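Written below as structure tokens is the structure these notes are about.
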Amino acid sequence: NYPNPFNPTTEIGYSIPEDTFVSVTIYNVQGRSIQSLVDQNQNAGIYVTNWNGKDEKGISMPAGMYFYTIQTDNFKDTKKMILLK
């Protein structure tokens with residue numbers, strides 16, 4: 001993600017080599033899902049999604065460390081990011 005640390009938004013970029021189902025989800029340090037950014041089939045290509053530091057209900061999250069997971073049928077990766085206030 002860029003920038004990292006971030007305030008108030010960050011971009012998460014990823015590329016897909018083949019058509020597949022893609023999930024990008026934000027988690028807090030306790031492992032609870034905060035927000036699902038992508039949850040759909042996507043064609044091969046380069047993509048960017050944004051996280052605005054809010055949960056599914058639109059409530060701003062406190063400063064701290066968060067994780068995002070990018071998952072497809074054949075791939076899964078988790079990275080950390082820091083929200084500064």
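How much of the DSSP beta bridge set in segment 3-85 is antiparallel, as a percent to the nearest 5?
95 percent
In vacuum, with every alpha carbon of segment 1-60 counted as one equal point scatterer, what does the Debye formula give for log10 I(q)/I(0) at q = 0.14, 0.26, 0.27 Å⁻¹? Two decimals, please.
-0.43, -1.15, -1.19
In whole Hz and in residue order, list the ³J(HN,Hα) couplings for segment 51-56 that follow from phi through the Karplus curve 6.51 cos²θ - 1.76 cosθ + 1.60, θ = phi - 60°; x for Gly and Pro.
10, 9, x, 10, 8, 4
Let me know the charge dipole size of the chain about its Cα centre in debye, to the nearest 20, where only the beta-carbon of Lys, Arg (+1) and Asp, Glu (-1) is charged.
Once rounded to the nearest 20, the dipole reads 480 debye.
Students sometimes get this wrong: rank Tyr27, Tyr66 by accessible area, probe 1.4 Å, all chains present, largest first.
Per-residue accessible area, sorted high to low, gives Tyr27, Tyr66.
For the chain, with all protein chains present and a 1.4 Å probe, just round the carbon and sulfur fraction of the accessible area to a whole percent.
48 percent
How much accessible area does Glu56 have with a 1.4 Å probe, in Å² rounded to the nearest 10?
Counting only protein heavy atoms, Glu56 exposes about 110 Å² to solvent.
Which far-off residues, 5 or more places away or on another chain, put their amide H under 5 Å from the one on Ile34, with H placed in the peptide plane?
Under 5 Å from the amide H of Ile34: Ile26, Tyr27, Asn28.
Label 7 Å along Cα→Cβ of Tyr27; segment 58-85 residues with amide nitrogen under 11 Å?
67-70, 77-80
Taking 0.36 nm per residue of sequence separation and subtracting the Cα-Cα distance, how much length would be gained by fully extending the chain between Asn43 and Glu11, in nm to one decimal?
Using 0.36 nm per residue and subtracting the Cα-Cα distance, I get 9.6 nm.
Accessible area of Asp73, 1.4 Å probe, to the nearest 10 Å²?
For Asp73, the solvent-accessible surface is approximately 110 Å².
Determine the relative contact order of the chain: mean sequence separation of Cα pairs under 8 Å and six or more apart, normalised by residue count, in whole percent.
35 percent
The values are calculated or read from the model by the stated rules, or taken from the named source; none is laboratory data. No experiment lies behind these values; they were computed from the predicted model shown. Backbone-built Cβ (ideal geometry, glycine too); neighbour counts: all protein chains shown. We work out accessible area using only protein heavy atoms, side chains counted, and drop any ligands, DNA or RNA first. Shrake-Rupley method; radii C 1.70, N 1.55, O 1.52, S 1.80 Å.
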